[in-house]
Amino acid sequence: MATIQIDRLLETCIKRGASDLHLHVGRPPTLRLHGRLRPLETKELDAEDTISLMKQITPPRAQEELSEQGGTDFGFEFGDAGRFRTSVFQQRGDISMTLRLIPSKLLTFEEIGLPTITQSLCRRPRGMFLITGPTGSGKTTTMATMVNYINTNFDKHIITIEDPIEYYHPHKKSMVNQRDVGVDVPSFGEALRRVLRMDPDVILVGELRDLETIESALRAAETGHLVFGTLHTTSAQGTITRIVDQFPVNQQEQIRIQLASSLIGVLCQTLIPRDDIRGRIAAFEFMMVTNAIGNLIRENKVFRIPSSIQTGKRFGMQLLDDHLLALFREGKISIEDAIDNSHSPSEMQDKTGAGAQIDVTTG
């Protein structure tokens, strides 16, 4: 019975176009649909339900980790419809699960709405390209699009290091080897230590989560490889600060020098519910590391990066707030979402004409 139930829930998630399925004790199964949580019209789950559902899809290795660590992450294939990235964890003594749908269809640059200049960075022979944003902002999908573009058009050796593997990439014009942390290799650090012996051209690091991983990724970029990585930062300026701050103070000057010469671009993104049609749309901040921006990083003047992005529009650069404003003026997102997702809400209120409305309602 539980097998049928989990299959039905996963099918419902796919049919309705949801991004996530939540299974928690005391609440009906809940979908995240176009960014909003929507409970299904079914019974509330009890402790036995979530344990039973967990056992149907969780491999023994992950069940052991759940028992020892209180949580585990893994991915699994669900027919031809796609893969699910799954997080199982304990809370208040019960089992909870969050399953994220990774569609099997790889999107194009145009379908995502990526700045066209990003394609040229994917053709670079070396350097580090960071895709950043909050959890659930589509970073994985963007990286998969970039890997697929390289895989389709160039003869490269691509190695991905992921936890877990989300999109599967078949060999096309390139060769693609995908290493699953916890299954194929014990850690990101260990995978990066060994990757340079594998003759890679392109290295994708699922998450730059600690100093060792960042250090190894920078070294790979410096030694003639194109490296993609993700961080949970919301601006280009914040991304540079986050990386430098990971290192001890006595190493930070050297890291700024390395970043200035190795970093080629930062793409920050967030997903926002559409106001014109169903679904969500991505808003981007994009920084290409020009000589001027490289100097700002080297000289620890990152506070001047936003103004350099603004004056670098001819290179295809844009600030997140400028893109949000454009999406609002095109009628694609609401005034509230434009303000809530901006880096400078008060400025966005003024630019969208929301300031007067807010003053009237609160005054």
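Within region 46-53, does at least one residue satisfy the condition of being acidic (D, E), surrounded by 15 or more Cβ atoms within 10 Å (Cβ to Cβ) and either in contact with a strand residue (DSSP E or B) (Cβ under 9 Å, 6 or more places away or on another chain) or in contact (Cβ under 8 Å) with a residue 60 or more places away in the chain (or both)? Working first, answer last.
Just the residues of region 46-53 that are acidic (D, E), to begin with: 46, 48-49.
From what's left, surrounded by 15 or more Cβ atoms within 10 Å (Cβ to Cβ): 49.
After this cut, where a residue has to be either in contact with a strand residue (DSSP E or B) (Cβ under 9 Å, 6 or more places away or on another chain) or in contact (Cβ under 8 Å) with a residue 60 or more places away in the chain (or both) as well, the list is 49.
Yes, because at least one residue in region 46-53 is acidic (D, E), surrounded by 15 or more Cβ atoms within 10 Å (Cβ to Cβ) and either in contact with a strand residue (DSSP E or B) (Cβ under 9 Å, 6 or more places away or on another chain) or in contact (Cβ under 8 Å) with a residue 60 or more places away in the chain (or both).
Out of all the residues in region 180-200, is one or more surrounded by 18 or more Cβ atoms within 10 Å (Cβ to Cβ) and closer than 30 Å to M317 by Cα?
Looking through region 180-200, at least one residue is surrounded by 18 or more Cβ atoms within 10 Å (Cβ to Cβ) and closer than 30 Å to M317 by Cα.
Which of (1) assigned to a helix (DSSP H, G or I); (2) in contact (Cβ under 8 Å) with a residue 12 or more places away in the chain does Q349 not meet, given it meets every other one?
(2)
Please work out which residue is surrounded by the fewest Cβ atoms within 10 Å (Cβ to Cβ), limiting yourself to region 262-293 and to residues that are of a type in the set (S, T, N, Q) and in contact with a strand residue (DSSP E or B) (Cβ under 9 Å, 6 or more places away or on another chain).
Let us first name the residues in region 262-293 that are of a type in the set (S, T, N, Q), namely 262, 269-270, 290-291.
From the residues that got through so far, the ones that are in contact with a strand residue (DSSP E or B) (Cβ under 9 Å, 6 or more places away or on another chain) too are 262, 269-270.
Numbers: S262: 20, Q269: 24, T270: 22.
Going through the qualifying residues, I end up with S262.
Quickly run through region 203-224 and pick out the residues that are in contact with a strand residue (DSSP E or B) (Cβ under 6 Å, 6 or more places away or on another chain) and either buried (at least 24 other Cβ atoms within 10 Å of the Cβ) or assigned to a helix (DSSP H, G or I) (or both).
Selection gives I203, L204, V205, G206, L208, A217, A220, A221.
Scan region 22-31 for residues that are without any contact (Cβ under 8 Å) to a residue 40 or more places away in the chain and under 20 Å from the mean Cα position of the chain (by Cα) and jot them down.
First, the residues of region 22-31 that are without any contact (Cβ under 8 Å) to a residue 40 or more places away in the chain: 26-31.
L31 - this is the single residue of region 22-31 that is without any contact (Cβ under 8 Å) to a residue 40 or more places away in the chain and under 20 Å from the mean Cα position of the chain (by Cα).
Looking at (1) surrounded by 18 or more Cβ atoms within 10 Å (Cβ to Cβ); (2) at pLDDT 95 or above; (3) of a type outside the set (A, V, I, L, M, F, W, C), find the lone condition where E166 falls short.
(2)
So which residues in region 18-51 are on the phi > 0 side of the Ramachandran plot and modelled with pLDDT of 90 or more? Lay out the reasoning, then the answer.
Start the filter on region 18-51 by keeping residues that are on the phi > 0 side of the Ramachandran plot, which leaves 26, 34-35.
Scanning region 18-51 gives a single hit, G26.
The values are calculated or read from the model by the stated rules, or taken from the named source; none is laboratory data. What you see is a predicted model, and the numbers here were worked out from it, not measured in a lab. Using ideal geometry, Cβ is built from the backbone for each residue, glycine included, and neighbour counts are taken over all protein chains shown.
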